[in-house]
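Have a look at the structure below, then the notes.
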Amino acid sequence: MAIKIYGRLSSANVQKINWFCEYANINVINLNYGGIHGKTQTTEFKDMNPNSRIPVMDDDNFILYESNAILRYLSKKFDILVEEKKEISGKIDQWIDWGSFTFAAPCSLLTAHKLSLPQDQRDELIADKAKNDIFSLLNILNFHLAKQDFIVDEKFSLADIPLGIWCHRCVNLEISFDNFPNINNWYIKLKEMNSFQNTVVSAPLPPN
């Protein structure tokens, strides 16, 4: 039975789930909710997530929201990208959260003021500050990736998923990795993955 994911394909948080499922060969039915598609304020949706936010997963009537919770649930259920060593698992969780919150915050802000908001609501000063914040965080990530090929250790893990998506969004927003060679090398490896191409690179941009 396919897993249902409620959420627009342009959402970075939806892309986390889609990328993992494509990588793990898990059947998914995507249902466009949120953004210009609306429907998150309906009684039906609020019964699944009272916060009216995407994504929401329906796995044979088991409902779960919060993208990182869904990611970890699916990883454990299908025993894919599960790390047994608690120290490495802890590092993976650390970078999942860093990518999903610390790095995502200015990326989301830049996305809003360059893509998502109506033209008359966009603010170049906010966009410029967000861009500067992104560059500061890219310096941290670039230094980290000098020591290894992937975010944690030498192999692809759940930690690469949030950061890979937001770094691709940076590319969409014309942020170059020319001054961040370690990030660029890592990003090239991600682009070689069919699962990344099929669910992230090919996904529409906000607000679609």
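The values are calculated or read from the model by the stated rules, or taken from the named source; none is laboratory data. Keep in mind that what you see is a predicted model, and the values were worked out from it rather than measured. Here the Cβ positions follow ideal geometry from the backbone for every residue, glycine too, while neighbour counts run over all protein chains shown.
Taking Ser136, is it among the small types (Gly, Ala, Ser), more than 30 Å from Gly38 (Cα to Cα) and surrounded by 14 or more Cβ atoms within 10 Å (Cβ to Cβ)? Spell out how you get there, then give the answer.
On the way: among the small types (Gly, Ala, Ser): yes; more than 30 Å from Gly38 (Cα to Cα): yes; surrounded by 14 or more Cβ atoms within 10 Å (Cβ to Cβ): no.
Considered against the rule, which asks whether it is among the small types (Gly, Ala, Ser), more than 30 Å from Gly38 (Cα to Cα) and surrounded by 14 or more Cβ atoms within 10 Å (Cβ to Cβ), Ser136 comes out as no.
What pairs come up if the first residue lies in the stretch 1-27 and is within 25 Å of Thr42 (Cβ to Cβ), the second is modelled with pLDDT under 95 and among the polar types (S, T, N, Q), and their beta carbons are under 6 Å apart, counting only those six or more places apart or on different chains?
Here the result reads Ser10/Asn208, each pair linking the stretch 1-27 to a residue that is modelled with pLDDT under 95 and among the polar types (S, T, N, Q).
Yes/no per residue for (1) surrounded by fewer than 21 Cβ atoms within 10 Å (Cβ to Cβ); (2) closer than 21 Å to Phe101 by Cα; (3) in the same structural domain as Asn172 (by TED's automatic domain parsing); (4) under 19 Å from the mean Cα position of the chain (by Cα):
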| position | (1), (2), (3), (4) |
| --- | --- |
| Gly7 | no, yes, no, yes |
| Ala12 | no, yes, no, yes |
| Ile17 | no, yes, no, yes |
| Glu22 | yes, no, no, yes |
| Tyr33 | no, no, no, yes |
| Thr42 | yes, no, no, no |
| Lys46 | yes, no, no, no |
| Ile54 | no, yes, no, yes |
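Just for the stretch 106-162: of the residues that are in contact (Cβ under 8 Å) with a residue 60 or more places away in the chain and assigned to a loop (DSSP other than H, G, I, E, B), which one is farthest from Cys21 (Cα to Cα)?
Here the residue is Asp153.
Could you tell me whether any residue of the stretch 138-150 is closer than 11 Å to Ile92 by Cβ and not assigned by TED's automatic domain parsing to the domain that holds Gln15? Explain how you work it out, then say what you get.
Taking the stretch 138-150 and keeping what is closer than 11 Å to Ile92 by Cβ, we get 150.
From the residues that got through so far, the ones that are not assigned by TED's automatic domain parsing to the domain that holds Gln15 too are 150.
Yes, the stretch 138-150 contains at least one residue that is closer than 11 Å to Ile92 by Cβ and not assigned by TED's automatic domain parsing to the domain that holds Gln15.
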